[in-house]
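Below is one structure, written out as structure tokens; the observations come after it.
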Amino acid sequence: MKKKLVAIALCSAFAFSMTACGASDDAAADKSAAETENNTEEGSAEASTEQEASADDDGILTMGTNAAFPPYEYYDGDTIVGIDPEIAALIADELGMELEIIDMDFSSIVTSVQTGKIDIGMAGMTVDPDRLENVNFSDSYATGVQVIIVPEDSDIASVDDLEGKLIGTQEGTTGAQYCMDQYGNDAVIAYTNGATAVQALQQGKVDCVVIDQQPAIAFVDANEGLKILETEYAVEDYAIAVAKENTDLLDKINAALAKFTEDGSIQAILDKYIVAE
């Protein structure tokens, strides 16, 4: 812009060259501006393409989970196994990607998906309104039931007996939120994982534990003196958390889930880990 103004001033002093000077400078300026704009657009397009290629072509699907939730995810030696890792492996294979599983606190999973630290969250995760404000969810691939674990000699016989009791839960779970909403924050102690909550129950620090049915069965089987009440606390749908802007991945995951539901692959995994009673 400064060069153009200087050129116009000079042309005013030399009237005989005014027309040629203005035309020449304008053309040069327009050409320079166009080249700059094109280069900028090309550079931006290249950067955008490189960024998309990096996100799409790294070939790794990162799954965040909390591996203390059997049979959905737990450690077998140094390996994380269970229902969710096997379903995620099917999806990754369908997408032509390699699955990478990252163990983290359950309460960190949604934030990690939201910020792009991980691609998906799978941890027996229930779809609820609060989580939907931050991430999207796939179609459901399993149904979860919240149950109540108590000592065998407990006076708690049903959900109706929880009033006035101290309830143990796993932090960040819908079970924890349900109990806080119904009985107040002071009535609930949220532990890092389900195993710690059950340990607190055995030590008499809480009166009961509200947790998903399948891990509850595993915990009770592994610890004498505990039982699960017959009364269900809540019934929920499990799904996969995906970042809101990553709609392409969500669509691909839903297509894979539909395929593996149709051919019985998901049911086979569920049957492998959950024995019908």
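Within the range 124-179, can you find the residues that are at positive phi and open to solvent by 50 Å² or more (accessible area, probe 1.4 Å)?
Taking the range 124-179 and keeping what is at positive phi, we get 124, 164, 172.
Of everything in the range 124-179, just one residue is at positive phi and open to solvent by 50 Å² or more (accessible area, probe 1.4 Å), namely GLY164.
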Among the residues in the range 145-156, are any closer than 16 Å to GLN213 by Cα and free of Cβ contacts under 8 Å to residues at least 60 places away in the same chain?
no
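Yes or no, residue by residue, for (1) assigned to a strand (DSSP E or B); (2) in contact with a helix residue (DSSP H, G or I) (Cβ under 9 Å, 6 or more places away or on another chain); (3) farther than 26 Å from PHE219 by Cβ; (4) among the aliphatic types (A, V, I, L, M):
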| site | (1), (2), (3), (4) |
| --- | --- |
| LYS117 | no, yes, yes, no |
| ARG131 | no, yes, no, no |
| VAL150 | yes, yes, no, yes |
| GLY164 | no, yes, no, no |
Residue check, THR143 against (1) part of a strand (DSSP E or B); (2) hydroxyl-bearing (Ser, Thr, Tyr); (3) more than 27 Å from ILE228 (Cα to Cα), all met but one. Which one?
(3)
Within the range 98-119, does at least one residue satisfy the condition of being in contact with a Lys or Arg (Cβ under 8 Å, 6 or more places away or on another chain), at pLDDT 95 or above, closer than 17 Å to ILE266 by Cα and open to solvent by 40 Å² or more (accessible area, probe 1.4 Å)?
no
For the range 243-266, the count of residues that are more than 24 Å from VAL145 (Cβ to Cβ) and not in a helix (DSSP H, G or I) equals 5
Among (1) farther than 17 Å from THR173 by Cβ; (2) open to solvent by less than 30 Å² (accessible area, probe 1.4 Å); (3) touching an Asp or Glu at 6+ places or on another chain (Cβ under 9 Å), the one test that PHE69 misses
(1)
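The values are calculated or read from the model by the stated rules, or taken from the named source; none is laboratory data. Fair warning: this is a prediction, and the values are worked out from it, not measured in the lab. Neighbour counts are summed over all protein chains in view; Cβ atoms, including those assigned to glycine, are modelled from backbone coordinates with ideal geometry. When the accessible area is computed, the model is the full protein with side chains, heavy atoms only, and any ligands, DNA or RNA have been set aside. Shrake-Rupley method; radii C 1.70, N 1.55, O 1.52, S 1.80 Å.
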